[in-house]
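**Q** Dropping the structure in here first, questions after.
The values are calculated or read from the model by the stated rules, or taken from the named source; none is laboratory data. Because the structure is predicted, anything quoted here is derived from the model rather than measured. Don't worry about glycine lacking a Cβ; one is built from the backbone with ideal geometry, like all the others, and counts go over all protein chains shown. For the accessible areas, the whole protein counts, side chains as well, though only heavy atoms, and no ligand, DNA or RNA atoms are used. Shrake-Rupley method; radii C 1.70, N 1.55, O 1.52, S 1.80 Å.
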Amino acid sequence: MKRFSGEAMSGDVEVAEIPCERPRRTIRGMSAVLLPFDAGGGVDWRGFEAHVDRTAAAGLTPAVNMDTGFGPSLDDATGIEVLDRTRAIVGGEFVGGVFVRDTPGAAFDLDGYVAAADAVVSRGGLPILFQSYGLTAGEGADVVDRYRAVGGRCGRFLAFELGQAFVPFGAIYDLPTFEEILKIESCVGAKHSSLRRDPEWERLALRDRVRPDFMVLTGNDLAIDMVRWGSDYLLGLSTFAPESFAKRDAMWAAGDAGFYELNDLLQYLGCFAFRDPVPAYKHDAAMFLKLRGWIGDDRTHASSPPRPAYDREVLAEIYERLKRWL
């Protein structure tokens, strides 16, 4: 493959060679669970617990305190309650977001990351490390040393590359840096959210050469078919319909051509929900879950931008088409 060059979200990226598809592979699916809110603005815990349960029942691993669950915006007590309620439902079969707040120029907060990761690990979950200014500052070797330090104290974890289109402190690492992260034994996988196929294909090729058991988790809600080339996934889109994603995955494993039709419909939903401004997809998710009768109110966290009311009409049309697959 050609080397990926330039900023991951820019238009000057060379196109990588398209790798071979991997038919009939078993896909590992992780779904970022929406944290719903009630009419009074408080957390709808009943709705949250039910959605964690249905996500796990569908065969997907619930991922909580992710962006979809407003993890970076929650106070510490609420974040811990999310972990406790998740553990009560699924035991240790979950992924938990680890976020450390800092400011530009801040030093890397190792103790903060370890404490937040320990909160997940102590409940049996697998931590995924959100980036921060302190984590992504400096050279690639500095970043690798920071991941290695966290892993040395908390054990197994997932890394997370996030483009600056999402957060100002995000970074898509160059391939040599990614390779060194891949070699950290305690790092068992990494979510890749550049929203580009090219760098993800390169990571898959590198993974296959260096560490085949390492999970490349696509976070590309605009290209959810990256699973065709060997990615697994940790997506926010799957919170809209976890059972439909599980059905799609089973079709791929079985060689069922219905995979493509169902994937197209889910991708249509993703392209609609994840349009600009992207963070507003969480309001669409709440609208969709309310439409399905799974939660009572479609409001979201105060920090999240809203969608226009007419989105409900489009979402209702998509839901009607999706019922065929339910």
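**Q** Taking the solvent-accessible surface of protein heavy atoms with a 1.4 Å probe, what is the per residue accessible area of segment 188-326 in Å²?
**A** On a per-residue basis, 35 Å².
**Q** With a cut-off of at most 16 other beta carbons within 10 Å, and DSSP calling the residue loop, which chymotrypsin sites (Phe, Trp or Tyr not before Pro) in segment 270-312 qualify? Please list them.
**A** Those that pass, being in a loop and sparsely packed, are TRP294, TYR310.
**Q** Find the centroid of the Cα atoms in segment 225-247 and in segment 258-326, then give the distance between the two in whole Å.
**A** 15
**Q** Now a separate question. If exposed GluC sites (Glu not before Pro) are those in a DSSP loop with at most 15 other Cβ within 10 Å, what is the longest stretch of the chain that has none?
**A** Result, exposed sites excluded: 186-326.
**Q** Give the residue list of trypsin sites (Lys or Arg not before Pro) in segment 134-180 that are DSSP loop and have at most 16 other beta-carbon atoms within 10 angstrom.
**A** Passing sites in segment 134-180 are ARG156.
**Q** ALA115 label point, 7 Å along Cα→Cβ, cut-off 14 Å on backbone N: hits in segment 75-93?
**A** The answer is 76-77, 80, whose backbone nitrogens lie closer than 14 Å to the label point.
**Q** Another question about this same structure. When all alpha-carbon pairs of segment 109-166 are counted, what percent fall beyond 14 Å?
**A** The share of Cα pairs beyond 14 Å in segment 109-166 comes to 53 percent.
**Q** Of [x] 49, 45, 36; [y] 59, 42, 40; [z] 95, 42, 30, which one was derived for Cα extents along the principal axes in Å from the structure shown?
**A** After the calculation, the listed value that fits is [x].
**Q** What is the percent carbon and sulfur in the accessible area of segment 270-311, measuring with a 1.4 Å probe over the protein chains and ignoring ligands?
**A** 58
**Q** What are the residues whose amide H is under 5 Å from the amide H of THR61, where those residues sit 5 or more places off or on another chain and H is modelled from the backbone?
**A** Close amide H contacts, sequence-distant or interchain: GLY29, MET30, SER31.
**Q** Then there is this: Do any of LYS183/LYS247; LYS191/LYS282; LYS247/LYS282 go past 27 Å between their Cα atoms, and which?
**A** LYS183/LYS247
**Q** So, one more: Select from SER122, SER194, SER132 the residue whose mean-square fluctuation is largest in a Gaussian network model of the chain (Cα-Cα springs shorter than 10 Å).
**A** Of the options given, SER122 has the highest mean-square fluctuation.
**Q** May I ask you to evaluate 6.51 cos²θ - 1.76 cosθ + 1.60, the Karplus curve with θ = phi - 60°, for each residue of segment 92-105 and list the ³J(HN,Hα) values in order in whole Hz, giving x for glycine and proline?
**A** x, 8, 8, 10, x, x, 10, 10, 10, 7, 8, 10, x, x
**Q** Okay, moving on. For ALA223, list long-range residues whose amide hydrogen, built 1.01 Å from N in the peptide plane, is under 5 Å from its own amide hydrogen.
**A** Amide H neighbours of ALA223: none.
**Q** In deg cm²/dmol, rounded to 500, what helix-only [θ] at 222 nm does the chain give when every DSSP H run of at least 4 residues adds -39500 (n - 2.57) and the total is split over its residues?
**A** That comes out to -12500 deg cm²/dmol.
**Q** With labels modelled as points extended 7 Å from the Cα through the Cβ direction, what inter-label distance (nm, one decimal) is found for ALA165 paired with ARG209?
**A** 2.7
**Q** Please report the spacing between the Cα centers of segment 71-132 and segment 149-203 in Å, no decimals.
**A** Using only Cα atoms to place each centre, the spacing works out to 17 Å.
**Q** Something else now. Under a Cβ-Cβ cut-off of 11 Å, what is the net charge of the residues other than LEU291 that fall near it, where Lys and Arg count +1 and Asp and Glu count -1? Present the calculation step by step, with values, prior to reporting the outcome.
**A** Working: positive: LYS290, ARG292, ARG312; negative: ASP284, ASP298, ASP311, GLU313, GLU317, GLU320.
Here the charged neighbours net out to -3.
**Q** Between PRO19, PRO62, TYR260, whose Cα lies farthest towards the positive end of the dipole of the chain when Lys and Arg beta carbons carry +1 and Asp and Glu beta carbons carry -1, centred on the Cα centre?
**A** Sorting the options by dipole projection puts first TYR260.
**Q** Would you grab the residues whose amide H sits under 5 Å from the one on LEU126? Only those 5+ places off in sequence or on another chain, please, with H modelled 1.01 Å from N.
**A** Counting only residues 5 or more places away or on other chains, the set is PHE94, VAL95, GLY96.
**Q** If Lys and Arg each add +1 and Asp and Glu each add -1, what is the summed charge of the other residues whose beta carbon sits under 11 Å from the beta carbon of TRP252?
**A** Details: positive: ARG22, ARG24, ARG25, ARG228, LYS247, ARG248; negative: GLU21, ASP225, ASP249, ASP256.
Every neighbour counted, the sum reads +2.
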